[in-house]
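The values are calculated or read from the model by the stated rules, or taken from the named source; none is laboratory data. Only a predicted model underlies this, so the values are computations on that prediction, with no experimental measurement involved. Here the Cβ is made from the backbone with ideal geometry for all residues, glycine too, and neighbour counts use every protein chain on show.
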Amino acid sequence: MKAKDFRWFVLGYCALLLIGLAFRSDETIGISADWKNGEYSYQAGSAPWAIGFAVVGAVLYLLLLVSRVVSSSRRMSHLFRRWVAGFIDFVWAMLIPTAFIGLAAVLSEYRRTGTFDWLVERQEQQAGDWFYAIVSVLLLMFVVAPSYFAISWWRGKPTPGSCIFNFRIVPDQGAQLPFWKAGLRALLGSMALLAWPCWILAYWVKRDKSSGKFWLDAVFQTHAEFFE
């Protein structure tokens with residue numbers, strides 16, 4: 001199938017995901033460890049609906065990676081669309097692995113206590129709580145999220161977010177973006193997220209509308225391009 005054919009599937013998935021998050025916003029997904037006013041609190045979990053969305057989202061992502069893309073050679077100059085696509089991809093890249101991390105924590109607690117529950121809540125600290133919580137955050141920000149973008153760019157495919165708006169990121173020269181360059185581009189973008197909310201303004205730094213570029217494109221010699 002062409003990547004363009006997945007557009008409405010991805011859009012429908014995102015709509016259902018937003019509805020799910022709105023109605024289930026009080027549920028814990030992933031791992032949370034906190035020490036406040038001398039009291040320790042640990043929460044970990046992954047509801048069945050979140051795991052279901054994570055599985056479907058992962059399948060859609062993989063299908064896009066093996067889809068067929070026909071280049072149009074038309075540069076995409078709409079910066080706002082790229083910002084919205086980036087936001088969608090950020091949520092996608094965070095939710096899917098977080099749901100699996102929460103499930104792993106639940107299974108780990110089940111192995112320790114012999115009692116299974118989709119949500120783990122306790123005030124007693126166990127060895128490894130902080131290690132797992134910190135490592136999961138670092139992996140999400142600096143390994144999983146960058147890889148989510150880098151693999152798509154390296155293969156010349158759209159991410160789910162950019163698929164909705166019918167564009168992909170390609171190199172200025174050559175048919176394929178080298179993986180090391182795609183990885184560095186994604187990693188720098190992930191690090192820029194730590195500068196919230198300044199990173200939003202960064203979309204307008206070194207903006208070249210006619211060439212479909214902003215500062216990340218200028219650094220790594222890439223641009224946004226529509227696909228057929």
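When you scan the range 143-228 for helices (runs of 4 or more DSSP H) that lie fully inside it, which ones turn up with 3 or more residues that are of a type outside the set (Val, Ile, Thr) and modelled with pLDDT of 75 or more?
Correct list: 145-154, 160-164, 179-192, 215-220.
Scan the range 2-27 for residues that are in contact (Cβ under 8 Å) with a residue 40 or more places away in the chain and loosely packed, with under 11 Cβ neighbours inside 10 Å and report the count.
Here the count works out to 0.
Just for the range 30-53: of the residues that are of a type in the set (A, V, I, L, M) and under 15 Å from residue 131 (Cβ atoms), which one is surrounded by the fewest Cβ atoms within 10 Å (Cβ to Cβ)?
My answer is 33.
Which condition number does residue 150 fail, the rest of (1) in contact (Cβ under 8 Å) with a residue 40 or more places away in the chain; (2) surrounded by 14 or more Cβ atoms within 10 Å (Cβ to Cβ) being met?
Condition (1) is where residue 150 drops out.
Among (1) within 17 Å of the chain's Cα centre (by Cα); (2) of a type in the set (Val, Ile, Thr); (3) farther than 24 Å from residue 162 by Cα, there is one condition residue 91 misses while meeting the rest; what is its number?
All conditions are met except number (3).
Residues of the range 1-14 being of a type in the set (A, V, I, L, M, F, W, C), assigned to a helix (DSSP H, G or I) and over 15 Å from residue 85 (Cβ atoms), which ones?
Once the filter is applied, which keeps residues that are of a type in the set (A, V, I, L, M, F, W, C), assigned to a helix (DSSP H, G or I) and over 15 Å from residue 85 (Cβ atoms), the range 1-14 yields 8, 9.
Tell me, which residue of the range 208-228 that is touching a residue at least 24 places away in the same chain (Cβ under 8 Å) and more than 19 Å from residue 175 (Cβ to Cβ) is surrounded by the most Cβ atoms within 10 Å (Cβ to Cβ)?
For the range 208-228, the residue satisfying everything is 214.
Considering every residue within the range 80-94, establish whether at least one is in a helix (DSSP H, G or I) and without any contact (Cβ under 8 Å) to a residue 40 or more places away in the chain.
Yes.
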